[in-house]
Every structure is written in structure tokens, then in C-alpha cells.
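Shown next, in C-alpha cells, is the structure this report addresses.
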């Protein structure tokens with residue numbers, strides 16, 4: 001057989017049939033479900049008298065809507081409460097396992113899949129959420145789908161899919177101290193653009209990627225969609241196996257040995273060809289801060305807001321002008337002079353234990369600036385618990401950060417955690433779109449360390465100069 | 001699904017690039033559990049101010065675009081969140097076609113499932129349609145999925161591409177779950193060789 005990429009191996013292993021004149025039919029190993037994009041899909045099943053074909057390949061949780069105030073309180077928003085109830089009812093009716101609000105395993109869907117060992121290398125994984133790309137960190141093919149496709153997978157456990165093209169993003173050399181997976185992701189998007197990988201599945205390779213922890217790889221793959229790619233992948237290695245081993249749904253004993261052998265074989269063969277190759281010099285990257293209204297509008301923390309004349313395309317110049325008007329920023333302003341009102345540490349991009357450790361290391365012995373309100377929202381109940389075991393919550397609370405319950409929270413502001421009009425936020429989330437964190441809110445995407453530093457100084461601060469205590 | 005064969009309608013120019021799905025349908029409207037009724041919330045934060053009053057200068061407020069059924073916009077339309085609510089909102093508002101130089105993948109897929117036609121034309125062609133839609137009263141286009149042609153009867157004509165299968169489904173309004181279920185034997189055969197992981201059974 002000819003040399004194949006990681007993507008091609010996973011794709012080939014899941015082809016159910018490739019009928020003449022139709023797109024190939026891909027089998028889905030794992031379907032993750034949450035409350036926002038599923039109610040209409042379950043209604044569709046009912047309307048057509050269909051069942052969930054594989055309830056045990058389907059896992060549900062509540063994350064988008066849930067309040068991050070103490071659990072046990074009722075959900076104050078009646079429409080959100082109704083949507084959560086709809087998921088509970090649908091899971092009961094169709095036999096789908098649900099990690100509900102009161103479960104010790106509840107959390108952001110892209111956090112709990114890996115954490116429970118449900119996400120495994122070589123799988124095909126879908127979810128009605130664009131950040132499903134996160135799971136590609138394990139060498140699985142994981143991508144977001146719409147609600148009609150959610151219904152399709154519930155009913156058939158398959159998806160007709162046109163084969164995407166492949167892109168290798170080869171990250172040479174090492175990331176410098178203080179430069180994280182988030183900065184790498186932002187650096188890549190800044191270079192190739194928010195539609196730079198549309199139509200492609202990315203495979204991240206190279207020394208800097210190998211050097212990332214699983215948490216870091218998840219952050220990197222998570223942001224693939226912000227470059228337009230539906231999926232990003234990293235070939236599994238010892239780091240992957242060490243993370244997966246012993247987790248609740250990971251293979252055990254003899255099955256574990258067999259699984260490792262098959263996972264090792266997933267790596268891209270020498271000589272396999274990608275449709276496009278992009279090279280990134282990791283050592284040249286700095287901590288990044290977005291200045292505009294999409295993740296591609298990004299510069300190093302040491303830089304200034306770009307001049308409008310620096311955009312060669314008229315459409316990009318106009319977009320920058322609109323973005324700066326929305327963000328209330330002037331071209332030429334140094335990033336480090338921009339003051340923030342709010343800080344959000346959380347989301348499926350940066351809410352894992354390693355992210356919280358990194359932020360806590362910065363916060364330790366300091367105090368949140370008097371004009372800033374800062375929140376830490378762990379990605380899952382398990383992470384919250386682990387962080388509390390390590391005493392991270394004390395570090396945050398002593399420094400003046402709010403320590404909250406798990407969920408998507410202020411990444412998209414579907415729950416009560418939102419920005420007020422005009423508020424400026426340093427956020428570890430993934431999208432700085434207009435109004436994303438609340439109408440009129442102004443979002444700057446940064447790493448967890450950079451967010452913690454901004455909370456303390458009240459403005460963007462180069463973490464490489466930080467005085468750790 | 002509502003079939004799409006040929007449509008003639010008024011063109012509204014939304015002259016912005018990277019229109020994301022958070023703009024098309026802001027998150028506060030995603031809590032509804034129905035598929036219908038999203039049209040009134042389309043582009044909500046651009047159409048309405050914080051107190052619910054109409055904004056002064058959004059293109060869809062202009063009387064001449066009130067009955068528009070074709071939207072023309074800049075590159076990377078529909079980027080961001082996978083929310084199908086964005087497509088439901090456009091369709092419910094009355095749009096049948098969106099024309100742009102490029103679309104985000106998930107948005108384009110979602111459109112296909114709902115009979116909303118996404119037409120990719122070149123940057124230059126889109127700019128020309130944008131110019132005509134702004135400068136010509138009652139500017140209309142005819143979009144024909146049979147012939148894969150867009151024309152205005154005033155000298156503008158362009159062809160577009162779409163894969164045969166998607167086109168066939170759209171033309172006939174086919175339910176693609178039904179099509180997949182025609183492969184029941186192949187799916188069952190695959191499942192026989194790939195049983196559910198033992199650990200997952202404890203969830204049942």
C-alpha cells in the first residue's frame with residue numbers, strides 16, 4: 001500500500017461504503033451531544049419514527065447554558081432551563097448516557113471526552129459544536145457538525161462526507177519560555193488567516209508539537225476551526241498514551257496493549273504527501289494578543305495595533321477599520337498600553353488543569369487590579385476538584401479571582417456570565433467576534449498566563465518579564 | 001427538505017468579509033428548542049440596538065432591500081460556530097440564496113440540508129453584483145441550479161459549480177438520512193466487525 005498520512009489512515013478505516021455518484025459514507029465511533037444543538041435533532045427522529053442507532057457510541061452533557069454559580073441552585077433563565085430539561089428528556093427517551101448538571105463528571109463536552117478516556121486515538125468523533133476539532137490532539141478525526149448532521153448521526157451512526165484535503169503544519173524548533181500552545185495557535189492563524197485552512201484537515205507536526213503536553217495539543221487542535229479547518233490532528237505518541245492510560249473508559253490490560261499497537265501504526269508514513277505544507281518557526285513566536293474581531297487579527301504583545309495602510313487588500317482594510325471602531329482602538333497604540341475591565345480564564349480552549357496551573361503560577365502572591373473583575377471557570381468538575389486538591393483555588397481566591405463551577409461560561413455568554421457593553425476582556429477563549437462574550441463586549445484572545453498577568457496589572461503585559469512570586 | 005431549482009429575487013448587498021455565525025444569529029437566541037421562528041433574530045445586533053430599536057444604517061432596513069431573497073456578501077461567509085440556527089434564521093427571514101467568494105465548511109453543509117443555496121463566485125464577480133445591487137433600483141438575479149447559472153438580464157452572467165450529488169439532493173429536496181439508510185447492510189456489516197468498546201457498555 002502507498003504511503004499514507006495519519007488522516008488517510010483514520011479515514012480509510014472508517015469507510016463504510018463509497019457508492020458511485022455519492023459521497024463516501026464514514027462511520028462515526030463517538031458522537032458527543034450537548035443541550036444547544038441537539039433538541040431539533042431529537043425532534044427530527046421523533047417526527048420520522050427513528051431511534052438512536054448506537055446509544056453507547058453517544059455521550060451527552062450540559063455545558064453551554066449552565067450557570068457557573070454553585071450547583072444545586074435552580075437555573076434562573078427559564079429558556080435555558082427548558083433546553084437543559086429537553087436534553088434530559090431526550091437522553092432518557094432514547095437511552096443516551098448523560099453527564100448531567102449534578103454529575104461529578106459534568107463539564108465542557110470537549111474537556112470531558114478526553115478526561116474520561118472516551119476520546120481515543122484513531123477514532124472518528126463528531127459533535128454539534130465547531131470546537132470538536134479539540135479531540136484531534138489524540139490522532140482522532142474529530143469535527144463539528146450542524147444539527148441536521150447530528151440527527152443524521154443519531155439515526156445512522158454514519159455521515160456522508162466529501163474527502164477533505166490535507167495540510168501539514170510543520171512547527172520547527174521549540175517554543176520559548178512564556179510562549180504557549182495558545183500563542184502557537186494564534187501565530188498560525190495570524191499567518192494563514194481565518195480561512196487559510198478551509199476545506200483541509202490539518203496535521204500538526206514538528207519538534208514544537210511533539211514537545212507539547214496533551215493539554216497543549218488540545219488547545220492547538222481546538223483552534224484549527226479558527227483557521228477554517230474542520231479538524232486538526234496530532235499523531236499519537238508516548239505523551240498521548242501516558243495521558244490516556246488508566247482513564248475510566250480507556251482500554252484495560254490486554255486490550256490496552258492491543259490498542260497501543262494499533263495507535264502506534266497511525267503515524268504518517270515516511271514519504272506520504274499532503275496537499276499543502278505550511279512551515280512555522282516556533283522560536284520566532286511571542287505571546288500573542290488579538291486586537292480585532294476575528295482570531296486572525298493578532299499581533300505579539302510587544303507590537304502595536306496595525307496601521308490601516310498596512311493592509312494591501314481593500315476588503316481587509318475596511319474589515320480592520322470596522323473592527324477597530326468596534327473595539328474602540330486606534331492604529332499605532334502599543335498593545336501593552338491597552339487596559340482591561342474583565343478577565344476570563346476558561347473555555348474548551350484553555351480550562352484544563354495545566355492551564356489553571358500556569359495561570360495560578362502567575363497569580364500567586366499578587367492581587368487582581370482594582371478596576372478588573374477576573375473569573376476562573378474550570379472546564380469540568382473533575383478539573384475543579386483536582387485544582388482544589390492542589391490548592392489552586394486558594395491561590396486564585398487569595399489573589400482576588402472568582403473561582404466558579406464548570407461550563408462554557410463567558411466563552412460564548414449563553415449563561416449569565418457576559419460582558420457589559422463597552423467592557424474589554426482578556427480571555428483565554430477562542431473567538432473575539434463582535435458580541436461573542438456579550439453585546440458590545442470587546443474580547444482580546446490570550447493564553448492563560450497572559451490573562452492572569454493582565455488581571456493583575458490591569459493591562460496587557462508581556463509574561464516573559466513577569467516577576468513570579 | 002425544500003427543493004431548490006430556480007429562483008429570481010431582489011439582491012441585498014452585505015459588503016463585509018468574514019461574516020461569522022455569531023453575527024448571523026447571536027447566542028441569546030440559541031436557547032430555543034424549535035427549528036422555526038429564527039428569522040426575526042437574523043443579524044440581530046446589527047439590526048437592533050441594545051434597547052430593541054432599529055439601528056440607523058443596516059442594509060436590510062433599506063426599503064429597496066425589504067423583499068430581498070438573495071444575499072451577496074464577502075469572503076468566508078458563515079465562519080465560526082457550527083450553529084445551524086444561522087441557516088434557519090437566513091431561510092426563515094426569506095433568503096433562498098447566499099452568494100459569496102467563499103463559505104465556511106460547516107455553514108455550507110448546513111445550508112445544503114435546509115434548501116438554502118450557497119453560490120461561490122469569484123471576488124470580481126461578487127464585487128460586480130455588489131456594485132449593481134447598490135446602484136440599480138430593484139436589482140434582481142436569477143439563480144438556476146439546473147444550469148448552474150446566475151444572471152440579471154442586464155448583461156451580468158456567471159456560472160458556478162456544485163458537486164453532482166449535492167445538486168441532485170437540492171434539486172429534489174431529498175432527505176439524506178433516508179439515502180444513508182439504504183446502505184443498511186453495509187453499516188451493519190461494518191458494525192459487526194467493530195463492536196462497541198467493552199468499557200462503554202458500562203454506560204448503558
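A few comments on the model shown:
- With the cut-off at under 18 Å, measuring from each backbone N in the stretch B:1-37 to a point 7 Å along the Cα-to-Cβ line of residue B:144 picks out B:4-10.
- Taking the square roots of five times each eigenvalue of the Cα gyration tensor of chain A, the equivalent ellipsoid has semi-axes of 33, 27, 22 Å, listed largest first.
- Rounded to the nearest 0.05, the FRET efficiency derived from the C-beta distance between residue A:174 and residue A:465 at R0 = 30 Å is 0.95.
- Between the alpha-carbon centres of the stretch A:413-469 and the stretch B:176-199 there is a gap of 45 Å.
- Point-to-point label distance, residue B:157-residue A:307, nm (Cα→Cβ direction, 7 Å offset): 4.7 nm
- Hull shadow area, averaged, the stretch A:136-259 [alpha-carbon convex hull, nm²]: 9.2 nm²
- Distance (nanometres) between label positions extended 7 Å along Cα→Cβ at residue B:172 and residue A:277: 4.4 nm
- Computed over the Cα atoms of the stretch A:349-464, the ratio of the radius of gyration to the Kirkwood radius (Rg/Rh) comes to 0.94.
- Counting only Cα atoms, the stretch A:213-347 measures 61, 38, 26 Å along its principal axes, largest extent leading.
- Placing one equal scatterer on every Cα of the stretch B:6-173 and applying the Debye formula, the log10 ratio I(q)/I(0) at q = 0.15 Å⁻¹ is -0.80.
- A convex hull fitted around the alpha carbon atoms of the stretch A:94-209 yields 147 Å³ per residue.
- Within the stretch B:30-49, backbone nitrogen closer than 20 Å to the virtual label 7 Å beyond the Cα of residue B:55 toward Cβ: B:30, B:38-49
- DSSP-defined beta bridges in chain A - what % are antiparallel, rounded to 5: 20 percent
- Subtracting the Cα-Cα distance of residue A:264 and residue A:330 from their residue separation scaled by 0.36 nm leaves 18.7 nm.
- Ellipsoid semi-axes for the stretch B:1-101, based on the Cα gyration tensor and the rule √(5λ), read 19, 17, 14 Å when sorted largest first.
- Largest-first principal axis extents, alpha carbons of the stretch B:126-204, Å: 65, 25, 17
- Relative to one another, the C-alpha centroids of the stretch A:103-154 and the stretch A:1-68 are positioned 9 Å apart.
- Kirkwood hydrodynamic radius of the stretch B:52-102, from inverse mean 1/r over distinct Cα pairs, in Å: 12.4 Å
- Estimated translational D of the stretch A:299-410 in µm²/s (Stokes, Kirkwood radius over Cα pairs; 25 °C; 0.890 mPa s): 152 µm²/s
Read-outs: derived from the displayed coordinates by stated rules, not from any lab. Values in this document were obtained by computation on a predicted structure and should not be read as measured data. Quick reminder, even Gly has a Cβ in these numbers, built from the backbone with ideal geometry, and neighbours come from all protein chains shown.
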